[in-house]
Amino acid sequence: NYINAGQLNPQMVSAASAAVIDDILNYETAQDTIQKMFLFRSIADGSIFSLPGGDAKLAVGVEYQRPSAKLRLGTDDRGAIDAKPYQKSHRNSKSVFGEVSLPVTDFIDVSASLRYDDYSDFGSTTNPNIGVSMKPVSWLKVYGHWNKSFNAPTVLDTLPLGLGRQGGTIY
């Protein structure tokens, strides 16, 4: 605007008035983000019986998460962001999971796990994982597994902001 109004010549900035320079320097793009996470997780694990390759082991657990975020951003006079309201987002998720490890022989291990997650804003998902590890000789180990997974967007991803993120609902 100052260039179009003839108050600032980009090739001779020193000729501009002090008021124009002060006004230009009193301009910022600012962002204020606060993220919080409450997490509770409890896990129990141990041996359940013996197999030729060693003890079979089981682990089971539960988890509760409540992430939240609030964000404000703007391009204006310095400090103007302090007067802007926060955009907020939160969710909770409840999970149950378990894994079993079976050393079938001294050279074959089989493992399987299952995780169930229930999200307050994305529904639920069940994700299995099955793996086999074979060690036919001491210097070679072959491992293969199959799984299904899901990764929910972060609470910041659910805010409809121009941050290169996928927008969603404001809570």
Hey, SER111 under 27 Å from THR33 (Cβ atoms), surrounded by 14 or more Cβ atoms within 10 Å (Cβ to Cβ) and out of contact with any Pro (no Cβ under 8 Å at 6 or more places or on another chain) or not: no
Condition check for LYS36: in contact (Cβ under 8 Å) with a residue 24 or more places away in the chain, loosely packed, with under 12 Cβ neighbours inside 10 Å and closer than 27 Å to ASN151 by Cα: yes
LEU114 being under 24 Å from GLY46 (Cβ atoms), out of contact with any Ser or Thr (no Cβ under 6 Å at 6 or more places or on another chain) and part of a strand (DSSP E or B): yes
Residues of the stretch 43-89 satisfying the condition of being open to solvent by 60 Å² or more (accessible area, probe 1.4 Å), among the acidic types (Asp, Glu) and either part of a strand (DSSP E or B) or over 30 Å from ASN26 (Cβ atoms) (or both): ASP45, ASP55, ASP76, ASP77
Test: residue in the stretch 15-27 that is among the small types (Gly, Ala, Ser) and within 37 Å of the chain's Cα centre (by Cα): no
Residues satisfying the stated conditions in the stretch 133-157, i.e. within 21 Å of LEU58 (Cβ to Cβ) and surrounded by 15 or more Cβ atoms within 10 Å (Cβ to Cβ): SER133
Residues of the stretch 105-145 classified as of a type outside the set (A, V, I, L, M, F, W, C) and within 24 Å of the chain's Cα centre (by Cα), total: 15
Residues within the stretch 90-106 that are in a strand (DSSP E or B) and within 29 Å of TYR64 (Cα to Cα), tallied: 11
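The values are calculated or read from the model by the stated rules, or taken from the named source; none is laboratory data. Not measured: the values here are computed from a predicted model. Backbone-built Cβ (ideal geometry, glycine too); neighbour counts: all protein chains shown. Please note that ligands, DNA and RNA were not included when accessible areas were found on the heavy atoms of the full protein model with its side chains. Shrake-Rupley method; radii C 1.70, N 1.55, O 1.52, S 1.80 Å.
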